[in-house]
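Input: a single structure, listed below in structure tokens.
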Amino acid sequence: MPKIKEIERTPNPDAMRFVLDEPLTQGVTKSFESASEAGDDDLATSLFAIDHVINVYYVDKYVTVTQDGEAVWSDLLRKLAPPIREAKPKLDAEEDENVHVSQEAKESDDPRLQQINQMLDEQVRPYLLADGGGLKVLGLDENTLKVHYQGACGTCPTATTGTLYAIESMVKRIDPNITVENV
């Protein structure tokens, strides 16, 4: 059972990140936006059973929980801690191959998408993970790159404004005609 080492605020006032002593996964990212998406994931299911939880995102030693903004964090944290402490590590968990890039984007023959994904892997996703979230590329529709923020980044005002513009500015180095849209 993982021990909670620390609880950290994220740039999103509606999300908290739990830092654990031991990993839940070995680099495998899990992202859920609803109880129905959680399926047979015990940790996500138990967290969604708590009122006000709207998102669960975890990888390695980090669990990020986003609430709907209606709960008082001090009360909610007391409810979130037990299921996180009771979570069983999934060191043999397999990566959802669509967690960072949609199937449509993977199957695209547009070389710009490969360059964009590499750039995101190297220059953006590590920073978003440090803030308790991630980014999924949904596709490139002509010159519009469609992305979806995950975890704490999903409802964060900073991600949906400043970070989005920073990503667009980086992507414009690949093709100056591309705009970025958060979906």
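Results, tabulated for the structure shown:
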read-out: Equivalent-ellipsoid semi-axes of the range 4-86, from the Cα gyration tensor, Å, largest first; value: 17, 15, 12
read-out: Förster-model FRET efficiency, 30 Å R0, Lys3 and Asn143, C-beta, rounded to 0.05; value: 0.05
read-out: Nonlocal amide H pairs with Leu24, under 5 Å, H built at 1.01 Å; value: Asp60, Lys61, Tyr62
read-out: Residues Glu22 and Asp96, FRET efficiency given R0 of 35 Å [Cβ-Cβ distance, rounded to 0.05]; value: 0.95
read-out: Helix 73-86 axis, angle to the chain major axis (alpha carbon atoms, nearest 10°); value: 90 degrees
read-out: Calculated Rg and Dmax of the chain using C-alpha coordinates, Å; value: 16.5, 49
read-out: Estimated FRET transfer efficiency (Tyr165, Gln115; beta-carbon r; R0 25 Å; 0.05); value: 0.85
read-out: Cα long-axis angle, helix 111-123 against the chain (0 to 90 degrees, to the nearest 10); value: 40 degrees
read-out: Peptide ranges 162-169, 48-55, 148-155 listed from the most packed, as the mean C-beta count within 10 angstrom indicates; value: 148-155, 48-55, 162-169
read-out: Sorted peptide list for 77-87, 172-182, criterion being average Cβ within 10 angstrom, highest first; value: 77-87, 172-182
read-out: Inter-centroid distance (Cα atoms) of the range 66-85 relative to the range 105-152, Å; value: 29 Å
read-out: Relative packing of 59-72, 97-110, which averages over residues the other C-beta atoms within 10 Å, highest first; value: 59-72, 97-110
read-out: Under 13 Å, Cβ to Cβ, from Val28 - net charge with Lys/Arg +1 and Asp/Glu -1; value: -4
read-out: Per-residue HN-Hα couplings for the range 6-20 [Karplus 6.51, -1.76, 1.60; θ = phi - 60°; Hz; x = Gly/Pro]; value: 7, 10, 10, 6, 10, x, 8, x, 9, 9, 10, 10, 9, 9, 9
read-out: Flagged links, alpha-carbon separation over 31 Å, of Lys5/Lys146; Lys90/Lys136; Lys61/Lys146; Lys5/Lys30; Lys5/Lys106; value: Lys5/Lys146; Lys5/Lys106
read-out: Percent RCO, i.e. relative contact order, over the range 34-183, from Cα pairs under 8 Å lying at least 6 residues apart; value: 18 percent
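FYI, it's all coordinate maths here, none of it is from the lab. Keep in mind that what you see is a predicted model, and the values were worked out from it rather than measured. Positions of Cβ are backbone-derived with ideal geometry, glycine not excepted, and every protein chain shown enters the neighbour counts.
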